[in-house]
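Notes to accompany the following structure.
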Ligand code: 5GP
């Protein structure tokens, strides 16, 4: 069911780079590489779970707390008019990386969201955005 060759498992193990904004014993958060909007951030538990159905409830409870914490930082950093917190289960629902995660997607008045999982962002921009979130979180 869970395959630890997925891209987020590699990011957690430090095998591939990411623009990290938060890390504790249970989770990491980093900028989405193909953001749907400015500030699109992902929150990923370190525990292995494919999706909403196989994650331990206690791990999920911690993950949602972490998601709220990081989302508050994104809100402070980018001041969007609103925000979507999204989580997909299986390809048919839009999941493309099979390690559970929450999307934090800021929404700006008059700015349509970009298509999910399509265009790679400029790394320098992602680095700048990560700095803004880290500062907002006090990291
Ligand atoms: P899912 O479709 O599984 O809900 O979301 C996966 C997300 O991971 C997508 O929004 C996609 O843009 C993002 N993503 C895919 N590959 C990478 C990567 O190598 N690094 C980062 N930071 N994000 C990625």
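The values are calculated or read from the model by the stated rules, or taken from the named source; none is laboratory data. All of these numbers come straight from a predicted model, not from anything done at the bench. Methodologically, a virtual Cβ is constructed for each residue, glycine included, from the backbone with ideal geometry; neighbour enumeration extends over all protein chains shown.
Among the residues of region 38-59, write down those that are out of contact with any strand residue (DSSP E or B) (no Cβ under 8 Å at 6 or more places or on another chain) and more than 16 Å from the ligand (Cβ to nearest atom).
Step one: list which residues in region 38-59 are out of contact with any strand residue (DSSP E or B) (no Cβ under 8 Å at 6 or more places or on another chain), which gives 47-54, 56-58.
Correct list: 47, 56, 57, 58.
Just to be sure, is residue 9 assigned to a helix (DSSP H, G or I) and exposed (fewer than 15 other Cβ atoms within 10 Å of the Cβ)? Show your work before the answer.
Numbers: assigned to a helix (DSSP H, G or I): yes; exposed (fewer than 15 other Cβ atoms within 10 Å of the Cβ): no.
No, not satisfied.
Which residues, taken from region 61-74, are over 14 Å from the mean Cα position of the chain (by Cα) and in contact (Cβ under 8 Å) with a residue 24 or more places away in the chain? Talk me through it step by step, then tell me what you get.
Step one: list which residues in region 61-74 are over 14 Å from the mean Cα position of the chain (by Cα), which gives 61-62.
The one that is over 14 Å from the mean Cα position of the chain (by Cα) and in contact (Cβ under 8 Å) with a residue 24 or more places away in the chain: 62.
Of the residues in region 66-87, how many are under 21 Å from residue 12 (Cβ atoms), away from the ligand (no atom under 16 Å from the Cβ) and touching a helix residue (DSSP H, G or I) at 6+ places or on another chain (Cβ under 7 Å)? If you could, list the steps in order and put the result at the bottom.
Within region 66-87, the subset under 21 Å from residue 12 (Cβ atoms) is 66-71, 73-74, 85-87.
Those still in the list that are away from the ligand (no atom under 16 Å from the Cβ) too: 66, 68-69, 73.
Narrowing the set further to residues that are touching a helix residue (DSSP H, G or I) at 6+ places or on another chain (Cβ under 7 Å) leaves 73.
Number satisfying all stated conditions: 1.
Those residues that are surrounded by fewer than 21 Cβ atoms within 10 Å (Cβ to Cβ), under 11 Å from the mean Cα position of the chain (by Cα) and more than 10 Å from the ligand (Cβ to nearest atom), I need them from region 17-36; list them, please.
22
Looking at region 114-126, which of its residues are surrounded by 12 or more Cβ atoms within 10 Å (Cβ to Cβ) and part of a helix (DSSP H, G or I)?
First pass over region 114-126, keeping only residues surrounded by 12 or more Cβ atoms within 10 Å (Cβ to Cβ): 114, 116-117, 121, 123, 125-126.
If the condition is that a residue be surrounded by 12 or more Cβ atoms within 10 Å (Cβ to Cβ) and part of a helix (DSSP H, G or I), then 123, 125, 126 are the ones that fit.
Which count do you get for residues in region 88-113 that are more than 10 Å from the ligand (Cβ to nearest atom) and in a loop (DSSP other than H, G, I, E, B)? Explain how you work it out, then say what you get.
Keep residues of region 88-113 that are more than 10 Å from the ligand (Cβ to nearest atom), which gives 92, 104, 106-113.
Add one more test, that the residue is in a loop (DSSP other than H, G, I, E, B), and what stays is 109-110, 112-113.
Count: 4.
Which ones in region 94-113 are loosely packed, with under 15 Cβ neighbours inside 10 Å and under 30 Å from residue 2 (Cβ atoms)?
Within region 94-113, 94, 96, 113 qualify.
Hey, among 117, 89, which residue is more than 16 Å from residue 23 (Cβ to Cβ) and at pLDDT below 95? Before the answer, list the steps.
Details: 89 fails: at pLDDT below 95.
None of the others qualify; the one that does is 117.
Would you check if residue 139 is within 13 Å of the chain's Cα centre (by Cα), modelled with pLDDT under 95 and either in a loop (DSSP other than H, G, I, E, B) or under 25 Å from residue 24 (Cβ atoms) (or both)?
Values: within 13 Å of the chain's Cα centre (by Cα): no; modelled with pLDDT under 95: yes; either in a loop (DSSP other than H, G, I, E, B) or under 25 Å from residue 24 (Cβ atoms) (or both): yes.
Criteria not met by residue 139.
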